[in-house]
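Some notes on the structure that comes next.
The values are calculated or read from the model by the stated rules, or taken from the named source; none is laboratory data. What you see is a predicted model, and the numbers here were worked out from it, not measured in a lab. Every residue, glycine among them, receives a Cβ derived from its backbone with ideal geometry; neighbour counts consider all protein chains shown. To get the accessible areas, we keep the full protein, side chains included, count just its heavy atoms, and leave off ligands, DNA and RNA. Shrake-Rupley method; radii C 1.70, N 1.55, O 1.52, S 1.80 Å.
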Amino acid sequence: MAVAQDSLRVGIFPTTGSLGDTADAAAYLARVHDAGIDHVCCGDHVSFFVGAGLDGILQATALAMLHPTLPVMTGVYLLPLRHPVLVARQLSDLDQLAPGRLIFGVGIGGEDRHEVEICGVDPATRGRRMEESLSVLRRLLTGAPTTFHGEFFDLDEALVLPAPAAPTPIVVGGRSDAAARRAGRLGDGWLGIWNSPRRFNEVAAIVADEAARAGRDDPPTRHAMQVWCGIGDSKERARAHLAPAMEAFYQIPFEQFEKYSPYGTPDDVAGFLAPYVEAGCTMFNLIPQADDREAALAGAAAVKKLLAPA
């Protein structure tokens, strides 16, 4: 099967762990690029469940330095756990190192409230903090002096230079209507996870309506899906790769994710994803599980060719 979509982009999370030493990591990213994958992704956690985590902007910087052209996307950076002025400085620095190569996916997190609490943030305030953080960050990234007096941040003439040469795309993740409205007001797109094609279409409409209400003349269009998937020569083998990986990461049974997490051959996975393209998805961030990293990469590249043939 194939879905004609010239603008469809497919990214890949290399692994949920280490890429190895620098030489191996650089060689792997070269293979990602050569396979036709559009961007490489990284997550972000401070102390997830059992203390696991890798800082998203630090990861993105490292990945950008390991390949000269491959874009990098954070999916998602837990912005409410950080101060937006410090984040603006990091994004400015990263843009100087790798101009125009970051897609900044942000979210509030949701699976581990303890992670939020130990960062000194009340989990009940995450949505409001995100609103303020995005408002401050978008202004700072223009290079203009920023004054802001809100519930969480109090700034007078904050300035972070140089501003990125081109605007850094900010894609807002989240499953709720509130997250969709946030994307409509303050994002360049919405990043979904664990939702149906019908829900994807509904959220895209919410985003567009909210952007219109906010009077934006640049409505968000970078709508994306983050998808765990299992790839193998049979559904049984692919599921055997996917289920334990997700259970280890999220600490809950795979059955709670199964209807949103495709597995099987590349044809099976592409067939599952095709309705999302029809619903308006322009980008997939795949988290493929397979026999090994190379099989996962080959599977992701095959899925892209099926969804967006050259």
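Filtered by the rule that a residue be in contact with a Leu (Cβ under 7 Å, 6 or more places away or on another chain), of a type in the set (A, V, I, L, M) and open to solvent by 10 Å² or more (accessible area, probe 1.4 Å), the range 161-206 gives 163, 186.
Just one of the numbered conditions (1) open to solvent by less than 10 Å² (accessible area, probe 1.4 Å); (2) under 30 Å from residue 51 (Cβ atoms); (3) touching a residue at least 40 places away in the same chain (Cβ under 8 Å) is not true of residue 295: (1). Of the residues making up the range 248-266, those that are touching a residue at least 12 places away in the same chain (Cβ under 8 Å), open to solvent by 60 Å² or more (accessible area, probe 1.4 Å) and not in a helix (DSSP H, G or I) number 1. Only residues that are assigned to a loop (DSSP other than H, G, I, E, B), free of Cβ contacts under 8 Å to residues at least 60 places away in the same chain and over 17 Å from residue 57 (Cα atoms): list them for the range 126-153, please. Those that are assigned to a loop (DSSP other than H, G, I, E, B), free of Cβ contacts under 8 Å to residues at least 60 places away in the same chain and over 17 Å from residue 57 (Cα atoms): 142, 143, 144, 145, 150, 151, 152. Flag: residue 60 does not match the condition of being open to solvent by less than 50 Å² (accessible area, probe 1.4 Å) and in contact (Cβ under 8 Å) with a residue 60 or more places away in the chain. Of the candidates 168, 142, the single residue that is within 17 Å of the chain's Cα centre (by Cα), modelled with pLDDT of 95 or more and polar (S, T, N, Q) is 168. For the residues 20, 11, 36, 75, the requirement of being at pLDDT below 85, of a type outside the set (A, V, I, L, M, F, W, C) and either open to solvent by less than 20 Å² (accessible area, probe 1.4 Å) or assigned to a loop (DSSP other than H, G, I, E, B) (or both) singles out 20. Within the range 178-206, the only residue that satisfies the criterion of being in a strand (DSSP E or B) and among the aromatic types (Phe, Trp, Tyr) is 190.
Just one of the listed residues (209, 156) is open to solvent by 30 Å² or more (accessible area, probe 1.4 Å), among the charged types (D, E, K, R) and outside any helix (DSSP H, G or I), and it is 156.
Output yes when any residue across the range 237-247 is crowded, with 16+ Cβ neighbours inside 10 Å and touching a Leu at 6+ places or on another chain (Cβ under 6 Å), and no when none is. No, the conditions are met nowhere in the range 237-247.
Of all the criteria given as (1) modelled with pLDDT under 95; (2) open to solvent by less than 30 Å² (accessible area, probe 1.4 Å); (3) within 18 Å of the chain's Cα centre (by Cα), the one not satisfied by residue 46 is (2).
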